[in-house]
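First the structure, in the form of structure tokens, and then the observations on it.
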Amino acid sequence: MSLQRDHKIAVLVSGTGRHLENLCRLAADGTLGGTVTLCISSRPGVLALERAASAAIPAVVLQKEGVESDRAYGVRLFEEIRRSGADTVVLAGFLRKLWIPDDYRGRVINIHPSLLPAFGGKGFYGHRVHSAVLERGCQVSGCTVHLVDDVYDNGPILVQRWCPVEPGDSADTLAARVFEEELRALPEGLRRFWAHDS
Ligand code: GAR
């Protein structure tokens, strides 16, 4: 696939959807190199769904509750993704383990709010990550954009951006500083992925 291609992105969310909004804004500016064609939320009633509606992005809610296995849930999710024509899937605060079918292996990208492999894995999400970074006394933190494989927060890294941990930081202030880096890292990771995608 060439850089010129307008990639189609499915964004999977569970919460506030600030990354979804940022990707939609950059796509509309023409600076992303892709278009968001679908939003899937694992939860109903979240702010991300309102943001999808504001950006006129088709959105569906697919809850894991009541689905018998991760695989069955993944099959259902990727049916929607395939139907949307998306060639790239972004996990932007998607808090569910994802089973990936063969045709989308190596095409799913996650953003995580720490410098992986530190502070990653099951249970490390959102503010839990930043609290753990502060408890450990880290002097730097940051974020990681990586390809998703079968293990939580494990796949090959596309982009990392770092920031200092400041004296007196709370999980909130650190999260805000890391998020500023996340907003740059995710589009950069997507562009890097597409540049090497053949
Ligand atoms: C982001 O900070 C992202 O790094 C984090 O969830 C937030 C989603 O924000 N992801 C994880 O913790 C995954 N382990 P958003 O819904 O406002 O885009």
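Just a few scattered comments:
- Close pairs from the range 175-198: first in contact (Cβ under 8 Å) with a residue 12 or more places away in the chain and under 16 Å from VAL108 (Cβ atoms), partner open to solvent by less than 20 Å² (accessible area, probe 1.4 Å) and part of a helix (DSSP H, G or I), Cβ under 9 Å, at least 6 apart: LEU186/HIS19; LEU186/ASN22; LEU186/LEU23; LEU190/LEU23
- Hits in the range 173-198 - residues which are away from the ligand (no atom under 16 Å from the Cβ) and open to solvent by 80 Å² or more (accessible area, probe 1.4 Å): ARG191, ARG192, HIS196, SER198
- Filtered residue count, the range 117-154, keeping only those that are modelled with pLDDT of 95 or more and more than 10 Å from the ligand (Cβ to nearest atom): 17
- Conditions (1) closer than 22 Å to ALA185 by Cβ; (2) surrounded by fewer than 17 Cβ atoms within 10 Å (Cβ to Cβ); (3) modelled with pLDDT under 95; number of the one not met by GLY106: (3)
- Count - residues of the range 135-162 that are surrounded by fewer than 16 Cβ atoms within 10 Å (Cβ to Cβ) and more than 15 Å from the chain's Cα centre (by Cα): 8
- Helices (runs of 4 or more DSSP H) contained entirely in the range 1-103, each with at least 1 residues that are away from the ligand (no atom under 16 Å from the Cβ) and surrounded by 15 or more Cβ atoms within 10 Å (Cβ to Cβ): 70-84
- Boolean, SER170 is touching a residue at least 24 places away in the same chain (Cβ under 8 Å), open to solvent by 20 Å² or more (accessible area, probe 1.4 Å) and either in contact with a helix residue (DSSP H, G or I) (Cβ under 7 Å, 6 or more places away or on another chain) or away from the ligand (no atom under 12 Å from the Cβ) (or both): yes
- If you go through the range 151-167 and keep only what is acidic (Asp, Glu) and without any contact (Cβ under 8 Å) to a residue 24 or more places away in the chain, you end up with just GLU166.
- Among the residues of the range 128-148, just one is within 19 Å of LEU186 (Cα to Cα), assigned to a helix (DSSP H, G or I) and not aliphatic (A, V, I, L, M), namely HIS130.
The values are calculated or read from the model by the stated rules, or taken from the named source; none is laboratory data. Nothing here was measured: the structure is a model prediction, and the numbers come from that model. Quick reminder, even Gly has a Cβ in these numbers, built from the backbone with ideal geometry, and neighbours come from all protein chains shown. Heavy atoms of the whole protein, side chains included, go into the accessibility calculation; ligands, DNA and RNA do not. Shrake-Rupley method; radii C 1.70, N 1.55, O 1.52, S 1.80 Å.
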